[in-house]
1. In 10 Å bins starting at zero, report the fraction of Cα pairs in region 261-307 per bin as a rounded %.
2. Can you check how the C-alpha radius of gyration of region 132-207 compares to 2.2 N^0.38 Å, as a plain ratio?
3. Anyone know which of Ser220, Ser140, Ser153 comes out most mobile in the 10 Å Cα GNM of the chain?
4. Which GluC sites (Glu not before Pro) from region 65-174 combine a DSSP loop assignment with at most 16 other Cβ atoms within 10 Å?
5. State the percent of C-alpha pairs, over all pairs in region 331-395, separated by a distance greater than 13 angstrom.
6. On alpha carbon coordinates alone, what is the Rg over Rh value for region 78-171, Rh being the Kirkwood radius?
7. Would you kindly find the accessible area of Tyr326, with a 1.4 Å probe and non-protein molecules such as ligands, DNA and RNA excluded, rounding to the nearest 10 Å²?
8. Round to the nearest 10 and give me the degree value, 0 to 90, for the angle of helix 2-18's Cα axis relative to the longest principal axis of the chain.
Amino acid sequence: MKNKIIYLSGVILMSLTSFSQSISSSPYSLYGLGSLYDADFGSIPAIGSSGIALPSYNFINNLNPASLAHLPLNHFMFDLGGKAISTTYESGSRSEKRNNFQFSHLAFAFPVTKNSGFSASLRPYSSAAFKISNLKLPISDSQEYYYLTAEGSGGLNNFDFSYGYRFGQKLSLGVSATMLFGNTTDDRSYLISNSVTSINKKTDYSGVRATLGSQYKIDSTFTVGTTFKMPAKVKASKMQSVQTYANEIETPVESDVASDADDYYMPLEIGVGISKRFKNNLNLSLDYEKSLWNNTNQSDLYGDFVNQDRFALGFTFSTKKNTRTYWDRIQYAAGANFDTGYLEVDGKRVNNAAISVGLSLPIENTLSALHVSYSYGQKGKISDNLIKENYHKISLNLSLDGIWFVKRKIE
């Protein structure tokens with residue numbers, strides 16, 4: 001069973017990784033640095049992306065660095081993930097379907113002492129892949145219109161180091177240092193009357209961000225967690241070319257001109273979560289997060305950044321009647337989440353809601369497991385004159401556990 005699961009998951013993950021450049025093509029990735037990417041580890045995608053209060057007993061918890069303080073001694077953990085997404089985009093007059101295969105993350109973690117642990121991970125932070133043709137937009141303070149054609153690609157990567165330390169048996173604290181880097185390309189054409197202006201630019205971004213986390217164990221079944229993601233500035237620089245076309249004559253305005261671009265500001269994000277276990281086999285996790293985008297004092301040409309609220313709820317269940325029986329050690333999961341969105345387009349919020357189910361398939365008598373989950377969600381509303389996204393997502397995370405630095409008892 002172990003070899004079959006590892007082989008199957010390896011083949012699927014390699015296939016997903018080979019398509020990793022085919023990233024999210026949401027039209028909302030036109031804004032800011034693109035659509036923010038959800039790349040959760042272990043069974044977290046199956047429980048509605050909740051888990052701020054979950055300790056890292058048997059998986060790497062990317063939601064709270066304080067969880068690393070609970071890594072089992074002498075265990076080295078490795079997590080690799082990918083996902084497949086099928087999305088239908090709907091507007092008032094048309095619909096379109098797209099499929100994407102995406103690399104999700106690569107992470108490892110190990111205990112430093114019996115009370116502390118360390119992890120490192122690489123994952124996408126955002127994806128900016130969009131294509132818009134002949135979008136009719138009004139000219140400010142005028143009764144006239146212009147037409148926009150745009151195409152973009154790229155996004156930011158998230159590379160972080162995390163450390164967690166446990167004080168006694170109840171309190172754990174953690175810190176993460178995150179490096180953000182990457183670039184986006186943006187090609188746009190503006191048609192006004194019989195004149196076309198084309199702007200082609202490539203923008204490079206880099207920045208550093210810190211996250212603080214805590215977990216407090218009230219009793220053996222109840223844990224509370226908090227996270228604080230600090231505000232940060234992502235510096236930007238761009239290379240731009242501009243041409244105009246009129247009366248079949250092309251006129252270069254500027255060619256590969258380097259200049260500063262507007263920096264991108266990440267908000268203070270505060271999260272709180274609880275984890276409650278019932279009868280040793282049912283666990284509930286509930287999270288709330290607040291992102292203060294208003295305080296960044298930035299806006300986009302086609303929308304505004306607004307404060308975001310996010311709610312997540314998840315359940316896991318395992319029978320544990322007979323640990324010798326493989327099927328009794330399978331963990332079942334379900335969850336739901338909702339967020340109000342951080343974008344406001346024409347005064348309308350671009351919110352998101354999703355439900356999820358999943359399985360954790362153990363690999364022999366170890367902490368290793370293959371986590372499979374399915375989720376269905378909706379983003380945006382046609383009734384608000386926005387583009388509505390209906391998406392089906394399958395996430396596949398392979399969590400491997402190895403025991404290191406243990407002397408043989410029998411030679």
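1. Distribution as computed: 22, 32, 20, 16, 9, 1 percent.
2. On the way: Rg = 22.6 Å, N = 76, 2.2 N^0.38 = 11.4 Å.
Taking the Cα Rg and dividing by 2.2 N^0.38 Å, one obtains 1.98.
3. Between Ser220, Ser140, Ser153, it is Ser140 that shows the largest mean-square fluctuation.
4. On the way: sites: Glu90, Glu96, Glu144, Glu151; in loops: Glu144.
Loop-located and lightly packed - Glu144.
5. Working: 1423 of 2080 pairs.
When every Cα pair of region 331-395 is considered, 68 percent fall beyond 13 Å.
6. Working: Rg = 22.4 Å, Rh = 18.0 Å.
That ratio is 1.24, to two decimals.
7. Counting only protein heavy atoms, Tyr326 exposes about 40 Å² to solvent.
8. So the inclination is approximately 10 degrees.
The values are calculated or read from the model by the stated rules, or taken from the named source; none is laboratory data. Since the model is a prediction, treat every value here as computed from it, not as a measurement. No Cβ is skipped: glycine too gets one built from the backbone with ideal geometry, and neighbour counts run over all protein chains shown. These area figures cover heavy atoms from the full protein model, side chains too; ligands, DNA and RNA do not enter into them. Shrake-Rupley method; radii C 1.70, N 1.55, O 1.52, S 1.80 Å.
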